[in-house]
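*Asks:* So that we are looking at the same thing, I have put the structure below in structure tokens.
The values are calculated or read from the model by the stated rules, or taken from the named source; none is laboratory data. As the structure is a computational prediction, the values presented were derived from the model and not from experiment. We place every Cβ from the backbone using ideal geometry, glycine too, and count neighbours over all the protein chains shown.
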């Protein structure tokens, strides 16, 4: 079973996606098992991979600047397991939001200091 914070390396065994270019649909089918132990199928056409504990499905997306339907792994709940560059982008976005929050908090502190200074001077 794949933990919530599983990464590409955890599922795909390390390396970069392009390193696995020789993996074919036949090879992928070798590890797929659609037995009764599979969780409820979140999307029609997905296959359960009992070996890895993930769904194997197709999702439209952009990988290395190429938009196409890609074969991807999904957690048992149907959530996508991100590629390393997707994880990095998400982390950069999270860091940017945090930076903006910190700047806004600092600006508010400065505003309150100025307001307090004006009130003190007026007394």
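*Asks:* Residue 34: at pLDDT 55 or above and outside any helix (DSSP H, G or I), yes or no?
*Replies:* Answer is no for this residue.
*Asks:* Something else now. Restricting attention to segment 52-103, report how many residues are touching a residue at least 24 places away in the same chain (Cβ under 8 Å), assigned to a helix (DSSP H, G or I) and surrounded by fewer than 14 Cβ atoms within 10 Å (Cβ to Cβ).
*Replies:* 0
*Asks:* Does residue 118 satisfy the condition of being part of a helix (DSSP H, G or I), surrounded by fewer than 10 Cβ atoms within 10 Å (Cβ to Cβ) and either within 17 Å of the chain's Cα centre (by Cα) or modelled with pLDDT of 70 or more (or both)?
*Replies:* Answer is yes for this residue.
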